[in-house]
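First comes the structure, then the notes that go with it.
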Amino acid sequence: MAPKKKLELDIRGMTCDRCPQHIERALKQVAGVETVEIPGWRSNKATLIVKSDIAERDLTASVEGAGYHATVKSSSAIDGEIEQSAQSSFTEDGGHDFDLLVIGAGSAGFAAAIKATDLGFRVGMIGYGAIGGTCVNVGCVPSKTLIRAAEAWHNAGHHPFKGVNTQQGNLDWDLVRTQKDDLVSQMRQSKYVNVLAAYPKITYIEGAAQFTKDGSVRVGERIYTADRYVIATGAHPRMIDFPGSEKAEALNSTTLMELEQLPKSLIVLGGRAVALELGQTMARLGVDVLILQRSTRLVPDHEPEIGRGIKDYLEQEGIGVITGVEVKRLSRDGDTRIVHARVLGQEREFKADQILMALGREANTKGMGLEHMDVKLEQNGAIVVDKYMQSSNPTIYATGDVTNNPEFVYVAAAGGSVAAQNALADTKKPLDLSTVPGVIFTDPQIATVGLTEAQAKNEGYRVKTSTVGLEHVARAQAARDTRGFIKLVADETTNRLLGAHILAAEGGEAIQTATLAIKYGIKVDDLADTLFPYLTQVEGLKLAAIAFEKDIAMLSCCAA
Ligand SMILES: Cc1cc2nc3c(=O)[nH]c(=O)nc-3n(C[C@H](O)[C@H](O)[C@H](O)COP(=O)(O)OP(=O)(O)OC[C@H]3O[C@@H](n4cnc5c(N)ncnc54)[C@H](O)[C@@H]3O)c2cc1C
């Protein structure tokens, strides 16, 4: 009888009950295979009896050909003597603790863990701090509910700095804060705690994770091992250590929203999303706000018209905005905080009860032992990843705010899912960041997608643009709020839409139409020919598309 051996294969990519049959069929096509046993699609393994002289690479190639991935885990002569063990890092019971260990239990981590468990893998997720991470606890959710509260207060006639207080009454900050905290608790429970409970196969481990020198992960006294890792540890507010910072004790976005009492006055350092959203919110709640921005314009990554427009609207509400400010140091005199700065060549001092530092966020990579794992970092400390979310260490993937991907929760979550899939099933699925819409929740909102005019020119397009003021949009007229405009950027050669830039009340609701148009290569005349409901804000997109060719002041109702 020809000598035989028993092989154990590690199989990746099985997602349903039919997968074992496909793999079995593929393996049995290889000459020399006698039996194949796959306990189920979640098992990740196949046990084979084969002729001793079989070429193992023929087996793995056959599995690859069927759309899966296989490695030989162990091989033993049929009398039981172990010939080789291809993956020496496997523990005695034949494997690591997990197929995938996700570090960080925010939006990106949850998406990765759910994807991995849906694919049938053994998943661990390590969470540190409040479950759910930034968005639900200290980011999107609390900031957006405060913005709404401040807007309602403002729209009810409380315009503290214009001196047009049409209604009496004091703001109950305690109540607003409590309602914000209640919403955060409810959403944390429903979207994270309950969701985790619905996936009992995800092992949740609490504590701060750190890679050890031998490549395992330590959480407190426990050590965990996995075949693959997804790092999704997010970021924290960047606090610049200006001289005097220790005395000035500036706030960040988290501590500002937790204040027990609102300050009378607030200096905001920064001029991007968090600075503008929270600055306007505080102003609308009655705080005297001054925004100091280093760059020469607000939201410098956006169209210059947007920076100018939002500055005007903030100033009309009584918010001070100074650009071109170089902060030199901070100091404190009793309850007064002072920003010492240079503006247009002059030394200036700005005073307020509190300072908010809204100067961006820093990736949570320090102290994680990444130096033991050959994981490359960007200069700002973020993890370098390719489009598959793979780091410089092929077994480690990363996603969300811990990378330099755009800091939006939907980008973090989409990246989590892609990272888990690529890590486990070797699918090489890229995260498509070609069309990322973004909204800054000021009032009016800033909503953008695609290329700005300058970016499109830099990329070599023959660019044409069209801008329509909100006074042409019936919805804005009816709402008696015609602040803002819609600007479209298109390729003159192909007529394809390249970018849309909106400054308008609820502009965020209109941007998705432009996102679809750009993503699927829609031409501006197709946009102009599409029916848009009257009176909606998004109808402004159609008007802006028509305005490439026509004076829209000459149109009758309904952009026709
Ligand atoms: C004020 C504010 C408003 C925002 N508003 C919006 C918005 O309106 N829309 C939007 O799309 N985005 C918004 N964002 C951005 C959004 O919140 C983030 O992009 C998103 O939450 C990032 O998710 P993440 O999973 O990458 O990180 P996180 O949610 O931060 O999760 C990371 C988790 O990992 C944990 N962790 C860190 N180190 C370790 C460790 N060593 N071991 C284990 N766990 C660890 C952290 O404690 C955290 O729980 C806002 C952000 C802020 C600050």
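The values are calculated or read from the model by the stated rules, or taken from the named source; none is laboratory data. Bear in mind the structure is a predicted one, so any value in this text is a computation, not a measurement. Every residue, glycine among them, receives a Cβ derived from its backbone with ideal geometry; neighbour counts consider all protein chains shown. Note: areas computed on protein heavy atoms with side chains; ligands, DNA, RNA excluded. Shrake-Rupley method; radii C 1.70, N 1.55, O 1.52, S 1.80 Å.
What to note about this one:
- In region 483-499, the residues that are in contact (Cβ under 8 Å) with a residue 60 or more places away in the chain reach residues that are open to solvent by 10 Å² or more (accessible area, probe 1.4 Å) and part of a strand (DSSP E or B) with C-beta atoms within less than 7 angstrom, at least six apart or across chains, in these pairs: 485/467; 485/469; 487/465; 487/467; 488/465.
- Unique residue being within 16 Å of the ligand (Cβ to nearest atom) and touching a residue at least 40 places away in the same chain (Cβ under 8 Å) when the list is 330, 251, 314, 262: 251
To keep it simple, each residue is scored yes or no on (1) surrounded by fewer than 16 Cβ atoms within 10 Å (Cβ to Cβ); (2) aliphatic (A, V, I, L, M); (3) in contact with a Gly (Cβ under 7 Å, 6 or more places away or on another chain); (4) not in a helix (DSSP H, G or I).
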position: 480; (1), (2), (3), (4): yes, no, no, yes
position: 489; (1), (2), (3), (4): no, yes, yes, yes
position: 493; (1), (2), (3), (4): yes, no, no, yes
position: 500; (1), (2), (3), (4): no, yes, yes, yes
position: 513; (1), (2), (3), (4): no, no, no, no
position: 517; (1), (2), (3), (4): no, yes, no, no
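- Just so you know, in region 13-40 the residues that are at pLDDT below 80 and touching a Leu at 6+ places or on another chain (Cβ under 9 Å) include one that is surrounded by the fewest Cβ atoms within 10 Å (Cβ to Cβ), and it is 15.
- Of the residues making up region 342-387, those that are within 24 Å of residue 299 (Cα to Cα) and of a type in the set (A, V, I, L, M, F, W, C) are 343, 344, 350, 352, 355, 356, 357, 358, 359, 363, 382.
- Hits in region 384-418 (condition: within 11 Å of the ligand (Cβ to nearest atom), of a type in the set (A, V, I, L, M, F, W, C) and touching a strand residue (DSSP E or B) at 6+ places or on another chain (Cβ under 8 Å)): 398, 402, 408
- Identity of the residue in region 197-233, touching a strand residue (DSSP E or B) at 6+ places or on another chain (Cβ under 8 Å) and part of a loop (DSSP other than H, G, I, E, B), that ends up farthest from residue 362 (Cα to Cα): 201
- Residue count for region 333-363 satisfying the condition of being under 20 Å from residue 272 (Cβ atoms), touching a residue at least 24 places away in the same chain (Cβ under 8 Å) and either among the β-branched types (Val, Ile, Thr) or not in a strand (DSSP E or B) (or both): 5.
- Checked against (1) open to solvent by 10 Å² or more (accessible area, probe 1.4 Å); (2) within 6 Å of the ligand (Cβ to nearest atom); (3) touching a residue at least 60 places away in the same chain (Cβ under 8 Å), residue 103 passes all but condition (1).
- Meets criteria (free of Cβ contacts under 8 Å to residues at least 24 places away in the same chain and in a loop (DSSP other than H, G, I, E, B)) for residue 432: yes
- Matching entry among 347, 303, 378 (being in contact with a strand residue (DSSP E or B) (Cβ under 9 Å, 6 or more places away or on another chain), of a type in the set (D, E, K, R), surrounded by 15 or more Cβ atoms within 10 Å (Cβ to Cβ) and at pLDDT 95 or above): 303
- The single condition among (1) within 12 Å of the ligand (Cβ to nearest atom); (2) surrounded by 15 or more Cβ atoms within 10 Å (Cβ to Cβ) that residue 225 does not meet is (1).
- Filter pass, residue 119 being buried (at least 21 other Cβ atoms within 10 Å of the Cβ) and either under 17 Å from the mean Cα position of the chain (by Cα) or within 16 Å of the ligand (Cβ to nearest atom) (or both): no
- Residue among 166, 145, 134, 178 that alone is more than 16 Å from the ligand (Cβ to nearest atom) and at pLDDT 90 or above: 178
- Residue 420 being buried (at least 23 other Cβ atoms within 10 Å of the Cβ) and either over 15 Å from the mean Cα position of the chain (by Cα) or at pLDDT below 95 (or both): yes
- Complete set of residues in region 273-296 that are open to solvent by 10 Å² or more (accessible area, probe 1.4 Å), among the hydrophobic types (A, V, I, L, M, F, W, C) and part of a helix (DSSP H, G or I): 273, 274
- In region 251-272, residue surrounded by the most Cβ atoms within 10 Å (Cβ to Cβ) [restricted to those that are of a type in the set (S, T, N, Q) and part of a helix (DSSP H, G or I)]: 253
- Scanning region 122-131 for residues that are open to solvent by 20 Å² or more (accessible area, probe 1.4 Å) and more than 6 Å from the ligand (Cβ to nearest atom) gives 122, 130, 131.
- In the set 160, 200, only one residue is at pLDDT below 95, of a type outside the set (Ser, Thr, Tyr), surrounded by 14 or more Cβ atoms within 10 Å (Cβ to Cβ) and more than 23 Å from residue 236 (Cα to Cα); that residue is 160.
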